[in-house]
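Taking it in order: structure first as structure tokens, then the write-up.
The values are calculated or read from the model by the stated rules, or taken from the named source; none is laboratory data. Since this is a predicted model, take the numbers as computed values, not measurements. Using ideal geometry, Cβ is built from the backbone for each residue, glycine included, and neighbour counts are taken over all protein chains shown.
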Amino acid sequence: MSRPFLSIENLTQTFPDGKGGQLTVFEKASFGIEKGEFVCILGHSGCGKSTIMNILAGLAEPSSGVVKMDGYEVSGPSLDRGVVFQNYSLLPWLSTLKNVTFGVRARYPDWPKAKVEEHARAYLAMVGLEGDTIHRKPSQLSGGMRQRVSIARAFANHPKLLLLDEPFGALDALTRGTIQDELLKIWGGTRQTVFMITHDIDEAILLADRILLMTNGPYARVAESVEITIPRPRSRTGIVEHPNYYAIRNHLVQFLGHRSKELAGRSDAPAAPPERVVIDRTAPGADPDPEAARRLRAVND
Ligand SMILES: Nc1ncnc2c1ncn2[C@@H]1O[C@H](COP(=O)(O)OP(=O)(O)OP(=O)(O)O)[C@@H](O)[C@H]1O
Ligand SMILES: [Mg+2]
């Protein structure tokens, strides 16, 4: 089998536990991501999702294990990997516009100033930031606006890999929906590889090709890889009518509600790739999901 675009091999992370001992946050995490894939990761708070992302970004080193992108080991940050952090991390002394042009200039050093600015403005407009707002400093923006600047900044650099840590967490439901649509549109056009952390199950089903499920820490593991068997293009209102939607959703809720805990804390577990889960009620001979059918009827009645 050929090696995936991004390959995470036996990643283990321990930290000092503050009491003189060591805390193993996750261990032997192994998974691959294909070029152009959109992968979401779900898991309870503290299981190590942001830590994994920091390692993929090259901003932190794992205690053991390796990450390879395009066959090369990831060490140190690179413009090939764009990150939207959980806490936005904008440069506070620069305006909104300059927070975006800063990276674009580094990415495309040959571009004239006007082209850099036009490019940055286009990405800011895509996330709904236009007019005077783009000359304000981050401290003069709302939390949701800052998050949108951070999203525009990551996308404007056209990285090969986009790493998104709860990028829509601070957005109201309406803006969140709009930006999810924008993200799908941009991704549909560029087919960049995306790895995204979210706590929102419906968001993950709408956006992802695959959802990775993590058990609770300590000794967290990436236990399952659930394929989203709902064809694209997808829309928020359209996916709920697909026969696979509630079956997949129930599986994810069950995992996060029960199995993430039941499977947790096993330090002796052998290193293994996540179990592949394919739920497809449309396959010939598949049982229709009675619960899904009932809910659909309730929605349609
Ligand atoms: N630099 C560090 N030093 C010590 N412990 C750390 C460090 N960074 C993270 N941790 C610990 O590692 C664990 C995982 O943290 P991480 O931020 O990766 O979780 P997460 O899955 O992203 O959680 P959330 O969903 O709340 O964002 C936590 O117990 C945290 O306290
Ligand atoms: Mg986190």
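Just a few scattered comments:
- Members of the stretch 23-52 found to be out of contact with any Phe, Trp or Tyr (no Cβ under 6 Å at 6 or more places or on another chain), within 14 Å of G65 (Cα to Cα) and not β-branched (V, I, T), listed by number: F26, K28, A29, S30, F31, G32
- Checking the stretch 164-174 against the condition returns a match, with at least one residue being under 25 Å from E37 (Cα atoms), away from ligand 1 (no atom under 16 Å from the Cβ) and in contact (Cβ under 8 Å) with a residue 12 or more places away in the chain.
- Of all residues in the stretch 211-234, those satisfying the criterion of being within 16 Å of ligand 2 (Cβ to nearest atom) and not in a loop (DSSP other than H, G, I, E, B) are L212, L213, M214, A220, V222.
- Positions within the stretch 81-101 being among the charged types (D, E, K, R) and without any contact (Cβ under 8 Å) to a residue 40 or more places away in the chain, in sequence order: K98
- Whether a residue is under 30 Å from V67 (Cα atoms), part of a helix (DSSP H, G or I), more than 16 Å from ligand 1 (Cβ to nearest atom) and not acidic (D, E) was assessed, and T133 does not pass this test.
- Criterion (modelled with pLDDT of 75 or more and in a helix (DSSP H, G or I)) met by exactly one of T237, T282: T237
- Inter-residue pairs, beta-carbon under 8 Å, first closer than 26 Å to D181 by Cα and in the stretch 102-131, second crowded, with 17+ Cβ neighbours inside 10 Å and aromatic (F, W, Y), 6+ apart: Y123/F155; M126/F155
- Residue check, L206 part of a helix (DSSP H, G or I), more than 16 Å from ligand 1 (Cβ to nearest atom), crowded, with 20+ Cβ neighbours inside 10 Å and at pLDDT 95 or above: yes
- Scanning the stretch 67-80 for residues that are without any contact (Cβ under 8 Å) to a residue 40 or more places away in the chain and among the hydrophobic types (A, V, I, L, M, F, W, C) yields a single hit, V74.
- Verdict on G46 being in the same structural domain as E262 (by TED's automatic domain parsing), out of contact with any Leu (no Cβ under 6 Å at 6 or more places or on another chain) and not in a strand (DSSP E or B): yes
- Scanning the stretch 240-256 for residues that are in a helix (DSSP H, G or I), among the β-branched types (V, I, T) and surrounded by fewer than 19 Cβ atoms within 10 Å (Cβ to Cβ) yields a single hit, V253.
- Of all residues in the stretch 54-101 being within 16 Å of ligand 2 (Cβ to nearest atom), in contact with a Pro (Cβ under 9 Å, 6 or more places away or on another chain) and aliphatic (A, V, I, L, M), the one that is nearest to L141 (Cα to Cα): V84
- Verdict on K68 being more than 13 Å from ligand 1 (Cβ to nearest atom) and not in a helix (DSSP H, G or I): yes
- On the stretch given as the stretch 218-233, residues that are crowded, with 19+ Cβ neighbours inside 10 Å and charged (D, E, K, R) total 2.
- A count restricted to the stretch 74-116 and to residues that are at pLDDT 95 or above and more than 25 Å from E130 (Cα to Cα) stands at 1.
- Residues located in the stretch 19-42, provided they are under 23 Å from T190 (Cα atoms) and either more than 16 Å from ligand 1 (Cβ to nearest atom) or not in a strand (DSSP E or B) (or both): G32, I33, E34, K35, G36, E37, F38
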